[in-house]
Amino acid sequence: MSSDYLREQGIEGTTSSEKTSQPGIQPFSLPTFAVQVQNIGPIDIIARRLQGGETSMPLSTETRINPPAIELNLEEPIIKNDTQQAQINMNIHVHSTDSPPLFEISLKLAGLFTYNANYNQETVLQFLRFGSLSVMLPFARELLLSICIRLQMPLIALPLIELAPPPTDTKAEDAPKQ
């Protein structure tokens with residue numbers, strides 16, 4: 001195949017000489033944090049559609065359900081100094097608030113992290129207790145949506161969580177000019 005055809009089809013990427021010749025695009029490297037995620041995966045998944053009785057309608061993706069109650073918690077982190085690895089488990093329970101209950105879903109995810117050997121262990125613990133939530137939530141959200149699709153029931157998305165309060169102070173230069 002010709003390189004023109006491949007380029008038209010989007011198969012061939014840009015070469016390094018093409019990347020540097022594009023105006024306005026400057027490559028940059030992001031500084032990495034001393035704690036890095038290695039893997040996030042499920043440990044336990046319990047997901048059931050429940051029969052709501054003889055007169056209830058079958059559950060489908062079009063069925064309207066009440067917003068579920070969602071419980072989320074993080075277990076105490078486990079740190080292994082000899083390998084500079086740490087693990088934290090996230091538990092999520094999604095309870096149907098319909099009467100009778102239409103489903104039950106429980107997930108347990110493990111997040112495996114590595115950290116720089118020179119990094120303070122107390123800081124690693126603090127990050128895992130608070131910062132790991134922002135890393136693990138997107139994985140949990142996707143898994144819950146996938147489970148809903150497989151159970152052929154309405155989609156349930158984990159809500160967005162405010163992990164840090166929005167800034168409240170405004171600078172003088174941000175104030176409207178008169």
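A few remarks follow.
- Label zone at SER106 (point 7 Å along Cα-to-Cβ), backbone N below 18 Å, segment 131-147: 144, 147
- The length gained by stretching the chain between GLU71 and GLN36 to full extension, at 0.36 nm per residue less their Cα-Cα distance, is 10.0 nm.
- Placing +1 on each Lys and Arg Cβ and -1 on each Asp and Glu Cβ, with no other charges, gives segment 65-111 a dipole about its Cα centre of roughly 120 debye.
Every number here is computed from the coordinates shown, using simple stated rules; none is lab data. Model, not experiment: these values are computed from the prediction. Note that we place each Cβ from the backbone using ideal geometry, even for glycine, and neighbour counts take in every protein chain shown.
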